[in-house]
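Participant: After the structure tokens below, expect a handful of questions from me.
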């Protein structure tokens with residue numbers, strides 16, 4: 001019996017395969033943008049110092065273009081819903097060393113996948129605002145005078 005799944009939000013995705021970047025280094029960059037609004041994620045990637053940020057930027061830009069052209073979605077309402085990096089094939093090379101030896105060089109590749117979804121503005125907000133120290137201090141200050149007033153009434 002088929003189960004009812006939650007309705008999928010409209011979106012698009014893009015994949016870059018055989019990118020000559022180590023998967024570990026690419027994952028570090030992808031983790032920066034997962035869950036961000038698409039335009040904000042592009043800005044983060046544009047100024048990220050890692051070399052893997054360039055191919056990730058291109059994949060994200062492609063996913064946004066796919067959503068805009070194929071799905072007719074507004075680019076400002078897009079959110080990076082899914083972003084992951086898989087390991088690609090490893091190119092094996094060797095470096096000649098002294099006395100006939102050879103050291104192995106592994107040139108790793110990866111596949112970068114990014115999916116964007118169109119999210120209504122009300123749902124785009126992040127989690128509930130955390131209580132700051134100032135609001136916590138105000139709450140305790142308000143509680144203190146009531147306890148001292150009650151103590152004065154008992155003594156009278």
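Laboratory data are not the source of any read-out in this text; all were calculated from the coordinates shown. Model, not experiment: these values are computed from the prediction. Neighbour counts run over all protein chains shown; Cβ positions are idealised from the backbone, glycine included.
Participant: Can you compute the FRET efficiency between residue 32 and residue 9 using 1/(1 + (r/R0)^6), with r the Cβ-Cβ distance and R0 = 30 Å? Round to the nearest 0.05.
Facilitator: On the way: r = 22 Å, r/R0 = 0.74.
Here the calculated transfer efficiency is 0.85.
Participant: Of the listed peptides 12-23, 51-62, what is their order by residue-averaged count of other C-beta atoms within 10 Å, with the highest listed first?
Facilitator: Top of the packing list down: 51-62, 12-23.
Participant: May I pose another question? Order of 113, 43 from fewest to most other C-beta atoms within 10 Å? Display every interim value, and only then the final one.
Facilitator: On the way: 113 18, 43 13.
With the sparsest Cβ surroundings first, the list reads 43, 113.
Participant: By counting other Cβ atoms within 10 Å of each Cβ, how are 32, 45 ranked from fewest to most? Present the calculation step by step, with values, prior to reporting the outcome.
Facilitator: Values: 32 16, 45 24.
Starting with the residue having the fewest Cβ neighbours, the order is 32, 45.
Participant: How would 114, 64 line up from fewest to most surrounding beta-carbon atoms within 10 angstrom?
Facilitator: Least to most surrounded, the residues fall as 64, 114.
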